[in-house]
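Report on the following structure.
The values are calculated or read from the model by the stated rules, or taken from the named source; none is laboratory data. All of these numbers come straight from a predicted model, not from anything done at the bench. Glycine also receives a Cβ, built like all others from the backbone with ideal geometry; neighbour counts cover every protein chain displayed.
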Amino acid sequence: MNPTTPQLSLDHIQRALPAQGLFGAGTWRWSPAPFVLSSAQVRELEGLGHVLAQFQRASDAIYRRSAKGKLPPWIAESLDRGKPDWLLETQRRGDLAGHFPRIIRPDLLLTADGFALTEIDSVPGGIGITAWLAAQYEAAGFSVLGGARGMLDGFGSVLPEGGAVLLSEESADYRPEMEWLLQQLGGDRCIESAESLRAEETRPLYRFFECFDWQNIPALPDFAARGGILQAPLKPHLEEKLWLSLFHLPGLRKLWQKELRGSHYERLHKLIPTSWFIRDVELPPDAVLPGLDVSSWQEVAEFSQKERQLVVKISGFDPSAWGSRGVFIGHDLPANEWRDCLERALLDTQHAWVMQEFRETSIVEHPVYQPDGSVALERGRARLCPYYFTDEQGYTRLHGCLVTIVPIDKKKIHGMSDGVLTVATLSKE
C-alpha cells in the first residue's frame, strides 16, 4: 500500500477487540484497509434497500392472497411446509399485515456482470461486527459506507431504549457482538434469553432467533396468541429462499409485475440468478422446465458435470438453511451425490428446496495481514452484505456494508477462519 494512505494497524485491531471477542469462538483474518467500491456500485447499493423492502411487501401480499384462496393455494402451501399451525395463524393475522422486518441484509456476490443476489436475511447476524469494523476504520482515517455510527444508529432506531434483544441458545455465537452493540447504544437496552420469554412481556423486543427454534421457546405460541409483536415479526414465510424461485416462475410473471413498480421488477430480475422450485410435478409431453430444456427433474439429475453449473439449497425453516450447511454446488459434486441431492429435495415434504444458476464470482485483490504482521496483496472472492434499516417513517436506508473475502479455491463464501472480514468504502477516483 502507498505509505501516505491511511491504514488500520494490526496493533490497533488487537487492542480494540472486545475482551469477549465478537463472534463465539470464531476467528478470521484482518485487513489494513476497507474494500473499495466504485461510485456506480455504491449508488446501486444505496438504492437497493427500498427495492428489497418493496419485494418483501409484494411477497407478503402474494402469500396472504394465496392463503385466502384468491391466488393458487399451492403458493402458500409450499411456503408453509413444516411449520406449526400456531405459527401459520400468527403470520396470517390481519394486524401483522403492515408489519415487516426493519432490517434487511441481502447476500450479494460480486461478479463480472455486477451483483448477484443469492439470499435475503431478515434476522441477520454481523450487525455488531460491522459496526465495530466501521468504527475502527473510521478512526484510522477511512470513510466507510454508513460512517462510524451508521450501524449503531440504525439498530438503535429499531430497538428503542428499554428494549431487549431475545437471543436463543441456537444463536449463542452472536451474543458477543450483540453485547458489544448494546453497550455502545446504552439506554437500558439488554439481551434476554429467548427461552425465558414470558407470554405477558410488554417491552419492545427484537427477535434474534430463527422461527424453526420455536419449540425451545415455550412461551412463544402464547405470546403470539396474546397479540405480542416482535421487531423482526413472526413471518417465517418471508425468510424462505423459495421467493427467489417464485419470482422467476413464468406463470407468476404478470403477478409480480402488478405488485412491483416496473423499475423495481427489472432491477430484481437482473439481480436474482435464474432460480427454480424443485418439486416433483408431471409435465405435459410437450412442456419443459423453463431454462433447463428437459421435461423432468429426473433428467436434471442426469446432467453432466458441465451442465451442473447449478446450486441446490434448502429454502428455510431448518437449522441447515443458514450459513452454507444446506448449500450444494452441482459441478463440485460427484454424479451420484448430485442425483442423491435432487432426490432428497424431491422427496422432502417438510421443506421446500430451490435451485439457482451458479454465478461465478470475480477475482479481487485486497491487502491482508499475514501471521508475522506483514501485509500481502491476496487474491480472493468477495461477498457483500449491505445492511438496510427501515425507520419509523418507512424509509429504508443503507447503514453499512460487511465484506467477506475468501481464498479463490472456495466457492461458498462465509465467515471462515481463512477468510477476511472488512467493510466497504467508496473509491476516490
query: Does any residue of region 339-354 turn out to be among the hydroxyl-bearing types (S, T, Y), over 18 Å from the mean Cα position of the chain (by Cα), surrounded by fewer than 17 Cβ atoms within 10 Å (Cβ to Cβ) and modelled with pLDDT of 95 or more?
result: no
- line: Within region 195-210, the residues that are surrounded by fewer than 16 Cβ atoms within 10 Å (Cβ to Cβ) and not hydroxyl-bearing (S, T, Y) are R198, A199, E200, R203
task: Residue by residue through region 308-332, note down the ones that are surrounded by fewer than 15 Cβ atoms within 10 Å (Cβ to Cβ), free of Cβ contacts under 8 Å to residues at least 60 places away in the same chain and in a loop (DSSP other than H, G, I, E, B).
output: Q309, R325
message: Quick check on region 269-291: of everything there that is among the aliphatic types (A, V, I, L, M) and either in contact with a Ser or Thr (Cβ under 8 Å, 6 or more places away or on another chain) or modelled with pLDDT of 95 or more (or both), which residue is surrounded by the fewest Cβ atoms within 10 Å (Cβ to Cβ)?
response: A287
- prompt: Got at least one residue in region 141-155 being within 30 Å of T274 (Cβ to Cβ), surrounded by 15 or more Cβ atoms within 10 Å (Cβ to Cβ) and under 22 Å from the mean Cα position of the chain (by Cα)?
  reply: yes
Enumeration of residues in region 357-389 that are of a type in the set (S, T, Y) and in contact with a helix residue (DSSP H, G or I) (Cβ under 7 Å, 6 or more places away or on another chain): Y369, Y387, Y388
- prompt: Going by the conditions given, is G150 in contact with a Lys or Arg (Cβ under 8 Å, 6 or more places away or on another chain), touching a residue at least 40 places away in the same chain (Cβ under 8 Å) and either over 24 Å from S59 (Cβ atoms) or not assigned by TED's automatic domain parsing to the domain that holds K411 (or both)?
  reply: no
statement: How many residues of region 222-267 are small (G, A, S), part of a helix (DSSP H, G or I) and under 16 Å from the mean Cα position of the chain (by Cα)? The answer is 1
- prompt: Within region 124-139, is there a residue that is of a type in the set (A, V, I, L, M) and part of a loop (DSSP other than H, G, I, E, B)?
  reply: no
Unique match (being closer than 18 Å to G316 by Cα and not aliphatic (A, V, I, L, M)) among D80, D95: D80
- request: State the number of residues belonging to region 110-139 that are closer than 16 Å to L421 by Cα and either touching a Pro at 6+ places or on another chain (Cβ under 7 Å) or not assigned by TED's automatic domain parsing to the domain that holds H399 (or both).
  value: 1
